[in-house]
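Scroll down for the structure; my scribbles are underneath it.
Every number here is computed from the coordinates shown, using simple stated rules; none is lab data. Since this is a predicted model, take the numbers as computed values, not measurements. All Cβ positions, glycine included, derive from the backbone under ideal geometry; neighbour counts span all protein chains shown.
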Protein chains: 4
Amino acid sequence: MSAISLSSATRVVDAAIAKARDIAQPMNIAVVDDGGHLVAFARMDGAIKASIDISIRKARTSILMNAPTSALTAIAQPGAELYGLEQTCGGLVIFGGGIPLTVDGVVVGAIGVSAGSVEQDVKVAEAGVAAL
Amino acid sequence: MSAISLSSATRVVDAAIAKARDIAQPMNIAVVDDGGHLVAFARMDGAIKASIDISIRKARTSILMNAPTSALTAIAQPGAELYGLEQTCGGLVIFGGGIPLTVDGVVVGAIGVSAGSVEQDVKVAEAGVAAL
Amino acid sequence: MSAISLSSATRVVDAAIAKARDIAQPMNIAVVDDGGHLVAFARMDGAIKASIDISIRKARTSILMNAPTSALTAIAQPGAELYGLEQTCGGLVIFGGGIPLTVDGVVVGAIGVSAGSVEQDVKVAEAGVAAL
Amino acid sequence: MSAISLSSATRVVDAAIAKARDIAQPMNIAVVDDGGHLVAFARMDGAIKASIDISIRKARTSILMNAPTSALTAIAQPGAELYGLEQTCGGLVIFGGGIPLTVDGVVVGAIGVSAGSVEQDVKVAEAGVAAL
C-alpha cells in the first residue's frame, strides 16, 4: 500500500494542529496521497483563506518534486537554475511548508502547511511528519 | 459569527463519516464556510479520487446558490430555465450531495459529499447537517 | 508497487498500436499511473490532434472514477443521475476509450485511446489492457 | 512533410532514454511536432512527476519560440528584455532542456527533457536530437 490512509492522515493533521496551537499560529493543514490527491484538510479558526490553496499546493508540490518545498526556494530565484519553476504543473509553491511523508523509505503522501511565517509553516509541517 | 468553526466542521465531517460507514460506502466529505472556502475535508479509504473535487465543488455550489445542489438538477436540464448553469463560477455541480449548513436560520457554511450514488451522497450529507 | 513501470506501459502502448494498425485507424494512446500521471504516450501518424488531450484525459478519468469511461456515458446524460459530471475535476471524458489497468486486482494505472469511433477506441484500449 | 513521424519521435525518445541511463538520471522525455502537439512521451521509473509537465512544456516552448529553452534563460531574468516571458502562452519554460528538432534545416518538432539538473536535461535532450 503506497497511499496514506485517512486514519494516518488524520493523525498527521492532528499533530500539526497541536503544534500550531503551541506556537499560537492558526494554520491551514493539508495531507495528500502519493499521487498528490487530497486525503485530509483542516483550517484552524482565524487562519487566512489564501493559505487553503497554498497548503494544498505545497503538499502537491512535494509529491510532484519528491522534495520539501523549502528545497525549491533557492533554485527557483532569479538567476538560479530553475527560475520560473513555479509556473509549471498548474502552479507550484517554492517556499517552505510542504514535506513528503514516508513510511519505511517509501513516499506515501505529503503534508502542506500555510498561514504563518515560512519558519512557522515548516515547524508545524515537521510536527505532522513526526506523527506518522 | 457567520462562519463555521473548525470544531463544528469536524463534528459535521465525523457524523458524515459515521453514516457512510453505516451504509458501507466510502465517501469524500467537504465542509466550506459561508464564503465557500474549505474548512475541513476527509477522503475515506477507497473513495474515488474524482469525488475530491466534486465534494468540495458541491459544498461551494451550495454556498454560491444558497441552496442544496439537488435543487439545481431539474432547472439546469436541457430546455429548462437555467440550462448551462454548471458552466458558471468556474464550474458548479448540479446533482445532489451539497447542502447549506445553518445555525438559527443563518447560513454558516455547507457540506458536500461525493463517491456513492446521488441518493447515498445526499443521505450522508444530511447526517452531517444533522450533527450541527 | 502500485504504479505501472515504463516497460509495462510501453508494452501496453505497443499492443494498442498493433491493434490500431489491424483496424487501420491511427490513434493517440496514453498510459497513466495510479495517480493519473502520464507514463507513456504515442500519437500514430495521421491521428487527430484533439485526441492527444482526449486520450490522456480518458486515462486520467479512469483513475479518478476508478472505472472505464464507457461506464460514465449513460449516467452523465441530460436527465440522468450525474448530468454535468464532465465539468468536474478540470474536465472528465464521459465516452468510451479509457480503461483502468490492474495487476492482481490492484489498479496500477489506466489506458486512454482516442481518434477513432468510440467503438474503435474501446477495442484498441482493450488490446492494451490485454497486454499487461 | 514538416511534422515528425511517430517512428522518428520514438527513435529520439529511445536515444534520450539510453543517455539518461548512461548518466543514471531517470528522466521525463517528450517529443512534440512542428505545431507543439505531443507525439511521444516516456517517464522513466523514478523520474519526478513535476517533470511530466515541464518536459512537455519545454518541447512546446522550443516550438513556440523557435529556439532551445536554454536561449531564454538570460533574456527572461528581472531587468532583461523579455522579463515575464514565462507568463505568456499558458506558461513557457525558460530553463534548458527543450531543443527544436530539425531535418535538412526545417523544424519538424522539438524534444523536452526534465527531471535532472538543467545540465543533465540538456545533455539528454542533445542525445535525442543527435538520433534524428
Quick check on packing: order D:96-105, C:30-39, B:29-38 by the mean number of other C-beta atoms within 10 Å, highest mean leading.
C:30-39, B:29-38, D:96-105
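Looking at the square roots a ≥ b ≥ c of the eigenvalues of the Cα gyration tensor of chain A, which shape do they give, rounded for a/c under 1.5, prolate if a/b is larger than b/c, or oblate?
On the way: a/c = 1.79, a/b = 1.21, b/c = 1.48.
Oblate, because a/c is 1.5 or more while a/b does not exceed b/c.
How large is the Kirkwood hydrodynamic radius of the protein assembly as shown, in angstrom, based on all distinct alpha carbon pairs? Mind dumping the intermediate values first?
On the way: mean 1/r = 0.0422 Å⁻¹.
Value: 23.7 Å, from the Cα pair sum.
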When each copy gets a label point 7 Å from Cα toward the beta-carbon at C:Val118, what are the spacings between them in nm, shortest first?
1.9, 4.7, 5.0
Expected response for nearest chain B Cβ to the B-C rotation axis, distance in whole Å, is B:Pro78, 3
For C:Val103, what residues show an amide H to amide H distance below 5 Å, using hydrogens built from the backbone and excluding near sequence neighbours?
C:Val108
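About its Cα centre, how strong a charge dipole does the protein assembly as shown have in debye, to the nearest 20, once Lys and Arg get +1 and Asp and Glu get -1 at the Cβ?
Details: 36 positive and 48 negative charges, 29 e Å.
Approximately 140 debye in magnitude.
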Here the correct list, in nm and shortest first, of distances from A:Thr102 to the same site in the other copies, label points 7 Å along Cα→Cβ, is 3.2, 4.4, 5.2
Estimated distance in nm for a label pair at B:Glu81 and D:Ala80, the labels positioned 7 Å out from Cα along Cα-to-Cβ
5.7 nm
I need the inter-copy label distances for C:Gly79: point set 7 Å along Cα to C-beta, values in nm with one decimal, smallest first.
0.7, 6.7, 6.8
Cα centroid of the stretch B:1-64 to Cα centroid of the stretch D:86-110, whole Å:
43 Å
